[in-house]
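Asks: Got a structure for you, questions after.
The values are calculated or read from the model by the stated rules, or taken from the named source; none is laboratory data. Keep in mind the model is a prediction, meaning the values are calculated, not measured. Cβ placement follows ideal geometry from the backbone for every residue including glycine, while neighbour counts extend to all protein chains displayed. Calculation scope for accessible area: heavy atoms of the full protein, side chains included, ligands and nucleic acids excluded. Shrake-Rupley method; radii C 1.70, N 1.55, O 1.52, S 1.80 Å.
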Amino acid sequence: MGLEENRELLIKKLAGEGYLKTEKVIGAFREIPREKFIPERDGDFAYSDYPLNIGRGQTISAPHMVAIMTELLKPKSRDIVLEIGAGSGYQAAILSKLVDTVYTIELESELAVSAKQNLEKAGCGNVHVMVGDGSKGYPPKAPYDKIIVTCATPEIFRAWKDQLKPGGIILAPVGGFYHQDLIMVKKTGDGFKEENHGGVMFVPLRQG
Ligand code: SAH
C-alpha cells in the first residue's frame, strides 16, 4: 500500500477514535506528509500511531498526541503560535496549515537544523525555527495567541504566562519523567484558569 493510502487510513482511525474532531485539523493531517519528518529507515512506520526516534534521544510524537494537542489549541487563522520543542518539526507543520505564523524553539541545534530542512521539504514557509532554551519562551515575537509545549515540563513557567496575549492559551505536559498531565492554562481578564486534560508521556524539557 502506498503512503497516501496509509495516511488516509491513519486519519480514519484517529477520527474513529475521537482524536481528530474537526474538518480543518483533518485537512492539515492530509496536507502534511509525516514521512518527511522521520528518518528514512523508518519510512514504513510513517503512518503507524506511535512515536519514533529522531536522534539526540528525542522522539516525534505519536500522531494521536499531535491530533489531541492540535484540536485542544483550537487554532484560528490569525493566531501567532509559539512551540517549545521543535523536534522533527511535524507538530509545527500541522499547525502551520491552521494558523498565521508558528515560531518553534529547539534546544538541540542539530535537531533545529533538520526540523528546518523537513519544514522546507514540506513547504511550510510560515514556520520559523529558532535554537534556544524554550523555558524562557521567545520574547522577540511575543505576545502569542497560543503556546504549545511538546516536552515534559516541571511547571508552567512565568515567562510563558508573560508572553501570552489576553485570552490566550498554553498547552503543556506538566509533571515528572514517566507521567505528566496535559494542562491547559487560559489567560483570563483577572488571572489564569487551569484545566487538566489527562495523563500523557513526553520526553523531558531540559534547561539550557
Ligand atoms: N514537537 C516535536 C516533538 C518534540 S520532542 C515533533 O513534532 O517532532 C521534544 C523536543 O523538545 C526535543 O526535540 C527536545 O530536544 C526539545 N527540548 C527539550 N528541552 C527544551 C527546551 N528547554 N527548549 C526547547 N526545546 C527543548
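Asks: So which GluC sites (Glu not before Pro) in segment 13-66 are both in a DSSP loop and have at most 13 other Cβ atoms within 10 Å of their Cβ?
Replies: Of the GluC sites (Glu not before Pro), the ones in loops of segment 13-66 whose Cβ has at most 13 other Cβ atoms within 10 Å are GLU17.
Asks: Where only protein heavy atoms count, and the probe is 1.4 Å, what is the accessible area per residue for the chain in Å²?
Replies: Solvent-accessible surface per residue comes out at 47 Å².
Asks: Using a 1.4 Å probe on the protein chains only, how many percent of the accessible area of the chain belongs to carbon and sulfur?
Replies: Solvent-exposed carbon and sulfur of the chain make up 51 percent of the total.
Asks: Please get the size of the charge dipole for the chain, origin at its Cα centre, with Cβ charges of +1 on Lys and Arg and -1 on Asp and Glu, quoted in debye to the nearest 20.
Replies: That gives a dipole near 520 debye.
Asks: While we're on this one: Give me, ordered by chain and number, the residues 5 or more places off LEU52 or on other chains with an amide H under 5 Å from its own placed amide H.
Replies: The list, which skips near neighbours in sequence, is ILE60.
Asks: Let me ask another. Could you give the length gained by full extension between MET130 and LYS186, i.e. 0.36 nm per residue of separation minus their alpha carbon distance, to one decimal place?
Replies: This chain segment gains 17.7 nm when fully extended.
Asks: Next question. Mean-square fluctuation check for the chain, GNM, Cα pairs under 10 Å: which of LYS76, LYS193, LYS121 is largest?
Replies: LYS193
Asks: Separate question: Distance check, please: which entries in LYS21/LYS116; LYS24/LYS186; LYS36/LYS136; LYS74/LYS97; LYS21/LYS136; LYS24/LYS141 exceed 24 angstrom between their Cα atoms?
Replies: LYS21/LYS116; LYS36/LYS136; LYS21/LYS136; LYS24/LYS141
Asks: If you fit an axis through the alpha-carbon atoms of helix 3-16 and take the longest principal axis of the Cα set of the chain, what angle between them do you get, 0 to 90°, nearest 10?
Replies: It works out to around 50 degrees.
Asks: First select every other residue whose beta carbon is under 13 angstrom from the beta carbon of MET130; then total the charges, Lys and Arg +1, Asp and Glu -1.
Replies: Net local charge, MET130 excluded: -1.
Asks: For the chain, what log10 I(q)/I(0) values come out of the Debye formula at q = 0.08, 0.11, 0.14, 0.18 1/Å, with one point per alpha carbon and no solvent?
Replies: -0.24, -0.46, -0.77, -1.34
Asks: Show me the GluC sites (Glu not before Pro) within segment 106-160 that DSSP assigns to loop and that have at most 16 other Cβ atoms within 10 Å of their Cβ.
Replies: GLU155
Asks: Now, a different point. Residue by residue, what Karplus-based ³J(HN,Hα) values in Hz, rounded to whole numbers, does segment 114-121 have, using 6.51, -1.76 and 1.60 with θ = phi - 60° and x for Gly and Pro?
Replies: 6, 4, 4, 5, 4, 5, 5, 4
Asks: Could you size up the charge dipole of segment 129-208 around its Cα centre, putting +1 on the beta carbon of Lys and Arg and -1 on that of Asp and Glu, and report it in debye to the nearest 20?
Replies: Using only the charged Cβ atoms, the result is roughly 240 debye.
Asks: Under 8 Å for C-alpha pairs, at least 6 residues apart: give me the relative contact order for segment 103-164, rounded to a whole percent.
Replies: 35
Asks: Then there is this: Where both residues lie in the chain, what percent of DSSP beta bridges are antiparallel, nearest 5?
Replies: Looking only at bridges with both residues in the chain, the antiparallel portion is about 45 percent.
Asks: In percent, how large is the relative contact order of the chain, given Cα pairs closer than 8 Å and 6 or more residues apart?
Replies: 15
Asks: Specify the inter-centroid distance of segment 88-137 and segment 160-208, based on alpha-carbon positions, in whole Å.
Replies: Each part reduced to its Cα centre gives a spacing of 19 Å.
Asks: Pairing the Cα long axis of helix 63-73 with the longest principal axis of the chain, what angle in degrees results, from 0 to 90 and rounded to the nearest 10?
Replies: 40
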